[in-house]
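Note sheet for the following structure.
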Amino acid sequence: MNFLLVVLAYVLCHGLTAMVVTPIQSVFLPEMTVFASLIYLPHGVRVLATWAYGWKAIPALILGVSLSALIFSPSEDINFLEPALLEGILVGSASAYIAFELMRLAGFDFYFGRSRKLQWKGMIAVGALSSVINSFGQTLVYSGLIDLEKVIGVLAIYATGDLIGLIVCMVVLMLVFRWNRILGVLKN
């Protein structure tokens, strides 16, 4: 059940990004939109799923990314990215786990259940580190496809989009938790 929840959350967030953010962004940054989004909601799913499930989130994220690419990406984008698409999927799916593990090795264990409450600042730190890992990884994977003059811009869009996506997902999760508490109080 958790596996399907992560897959569905990823596909839903990717769909929102593809159907709302991408069309608007492509008007202003068409040459970078194929590589990165300024508001990438699935990054929030990556981080939150890894927070909750650890390495077990990676297979669900791989399936979520793959389904999202098939459902929402134009075939010309998939054909353009195809030589490196699998590598890009693996980098993105593992980036949050790598960030959580690096933080844990540095003495900051932010995984679910390791402290009494969700540490929002820690999650933002993990999300930022994950974004850096993902940004550099994706840039390396797609380096043959990105013009050298655009690499810094693509990196900036990756990082910005990932962090904004994480913050939006965290706010939504906070509202869901709050709504759940309110409903729990009303039922008692």
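Among the residues of the range 124-148, those identified as at pLDDT below 90, within 18 Å of Arg46 (Cα to Cα) and more than 12 Å from the chain's Cα centre (by Cα) are Phe136, Gly137, Gln138.
The residue that is modelled with the lowest pLDDT, counting only those in the range 30-61 that are open to solvent by 50 Å² or more (accessible area, probe 1.4 Å) and not in a helix (DSSP H, G or I), is Leu38.
Residue pairs whose Cβ atoms lie under 6 Å apart, sitting 6 or more positions apart in sequence or on different chains, and linking a residue in the range 50-61 that is acidic (Asp, Glu) to a partner that is at pLDDT 95 or above and open to solvent by less than 10 Å² (accessible area, probe 1.4 Å), do not occur here. Test Asp109 against the stated conditions and say whether it is in contact with a helix residue (DSSP H, G or I) (Cβ under 9 Å, 6 or more places away or on another chain), among the charged types (D, E, K, R) and modelled with pLDDT of 80 or more. Yes: the conditions hold for Asp109. Within the range 178-188, one or more residues are closer than 22 Å to Val45 by Cα, among the hydrophobic types (A, V, I, L, M, F, W, C) and modelled with pLDDT under 90. Return the residues of the range 73-89 that are under 17 Å from the mean Cα position of the chain (by Cα) and modelled with pLDDT under 85; say none if nothing qualifies. Within the range 73-89, Ser73, Leu85, Leu86 meet the criteria. Against the list (1) at pLDDT below 90; (2) touching a Pro at 6+ places or on another chain (Cβ under 9 Å), the condition Gly92 fails is (1).
The values are calculated or read from the model by the stated rules, or taken from the named source; none is laboratory data. These figures come from a predicted structure and were not determined experimentally. Quick reminder, even Gly has a Cβ in these numbers, built from the backbone with ideal geometry, and neighbours come from all protein chains shown. Only protein heavy atoms, including side chains, enter the accessible area calculation; ligands, DNA and RNA are left aside. Shrake-Rupley method; radii C 1.70, N 1.55, O 1.52, S 1.80 Å.
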